[in-house]
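Each reported figure results from applying straightforward, stated rules to the coordinates on display, with no laboratory input. This structure is a prediction, so every number in the text was calculated from the model and none was measured. Here the Cβ is made from the backbone with ideal geometry for all residues, glycine too, and neighbour counts use every protein chain on show.
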Amino acid sequence: DAGITQSPRHKVTETGTPVTLRCHQTENHRYMYWYRQDPGHGLRLIHYSYGVKDTDKGEVSDGYSVSRSKTEDFLLTLESATSSQTSVYFCAISGQGINEAFFGQGTRLTVV
Amino acid sequence: AQSVTQLDSQVPVFEEAPVELRCNYSSSVSVYLFWYVQYPNQGLQLLLKYLSGSTLVKGINGFEAEFNKSQTSFHLRKPSVHISDTAEYFCAVSPLNTDKLIFGTGTRLQVFP
C-alpha cells in the first residue's frame with residue numbers, strides 16, 4: 001500500500017457526539033480526499049484538499065467538516081454524528097490529481 | 001454533471017469462464033476512466049485506467065477494458081476468472097481538470113469453483 005494510514009479503523013459512537021477521523025500520509029502528496037461508501041451508492045466524495053489549508057466540498061458534504069493544517073494529515077469531523085452517517089469512510093491521496101489516487105484501508109463508523 | 005452506471009449489481013460466474021462487467025457513463029465533457037477493485041475488508045486498488053491513446057487498456061491480474069466513446073462505455077473483461085477474482089469492482093470517471101472521481105455503485109463478482 002501507498003503510505004496511507006486511517007485511524008481509527010473502527011468506531012462506535014452515540015448520536016449527537018462529535019467524531020474526528022484521521023488520514024495520515026507519508027508520500028508528501030498534494031491531494032487528499034474523503035469518501036464514504038454505502039451499499040447501493042458506491043463511493044461518494046465528501047470533501048477534498050488540494051494543499052495545506054485548501055479544501056473544497058464534494059457531493060455529500062453536509063454534516064461534515066475537514067481540516068488540513070499540514071501536508072500529511074487530513075482530518076474529517078462529524079460535528080454531531082447522526083445515524084445516517086453510519087458508513088465506511090475512505091481516504092485517498094494523489095500527487096498528480098485524481099489520475100494516480102491511492103486509497104486507505106477504510107474506517108468503519110457506526111452511530112447508535 | 002457526470003454519472004456512472006454499472007448495470008449489474010452482482011455477477012456470478014464459474015471459475016475459468018470469461019466475464020464482462022459493464023460500465024456506462026454520462027458526461028458533457030471529456031473524462032478519464034477507471035476501474036477499481038475492492039477485496040473484502042480492504043480499500044480500493046486501481047485495476048486500470050484510460051487517459052488517452054489506445055482504446056483497449058490492459059490492467060493488472062489479466063483484466064482489460066475497452067473505451068467506446070460512441071456508446072459512452074468502458075466495460076471490463078477477463079477471459080478466464082479465478083476464485084481469487086471474487087471482489088467488488090467499481091467503475092469511475094474523472095472529468096478533465098477537476099481532480100474528482102465519480103464512482104458507479106459497484107458490481108460484486110462472485111467466482112464459483
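To the nearest whole number, what is the average tally of beta carbon atoms from other chains within 10 Å of the beta carbons of peptide A:33-44?
On the way: counts 3, 0, 3, 0, 7, 1, 3, 3, 4, 12, 11, 2.
Counting other chains' Cβ atoms within 10 Å and averaging over A:33-44 gives 4.
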Lysine pairs in the protein assembly as shown with Cα distance under 20 Å, only those 8 or more apart or on different chains: how many are there? 10
Nothing charged except the Cβ atoms of Lys and Arg (+1) and of Asp and Glu (-1): what's the magnitude of the dipole of region A:7-46 about its Cα centre? Round to the nearest 20 debye. 60
Grab the beta carbon distance between residue B:64 and residue A:5, set R0 = 35 Å, and tell me the FRET efficiency rounded to 0.05. 0.60
Give the relative contact order (percent, whole number) for chain B; include only Cα pairs under 8 Å separated by 6+ residues. 37
Of B:15, B:88, B:64, which has the largest mean-square fluctuation in a 10 Å C-alpha GNM of chain B? B:15
What percentages, rounded to whole numbers, describe P(r) for region A:6-112 computed over all alpha carbon pairs with 10 Å bin width beginning at zero? 16, 53, 28, 4
Quick check: the distance between the Cα centres of region A:37-81 and region B:56-84, to the nearest angstrom? 31
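Roughly what percent of Cα-Cα pairs across the protein assembly as shown reach past 20 Å? Write out the running numbers ahead of the final one.
Details: 14754 of 25200 pairs.
Percent of Cα pairs beyond 20 Å in the protein assembly as shown: 59.
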Rg and Dmax of region B:12-66, Cα atoms, in Å? 13.0, 39
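Within a 10 angstrom radius of each residue's Cβ in A:100-110, how many Cβ atoms of other chains show up on average? Whole number is fine.
Details: counts 2, 9, 4, 7, 3, 4, 5, 0, 1, 0, 0.
Counting other chains' Cβ atoms within 10 Å and averaging over A:100-110 gives 3.
Relative contact order, percent, of chain A when contacts are C-alpha pairs under 8 Å separated by at least 6 residues? Write down the numbers at each step before the final one.
Values: 296 pairs, mean separation 40.0, N = 112.
Relative contact order, chain A: 36 percent.
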Please compute the average number of Cβ atoms from other chains found within 10 Å of each residue's Cβ in peptide B:92-103. 5
Cα principal axis extents for region B:3-113, largest first, Å: 43, 28, 22
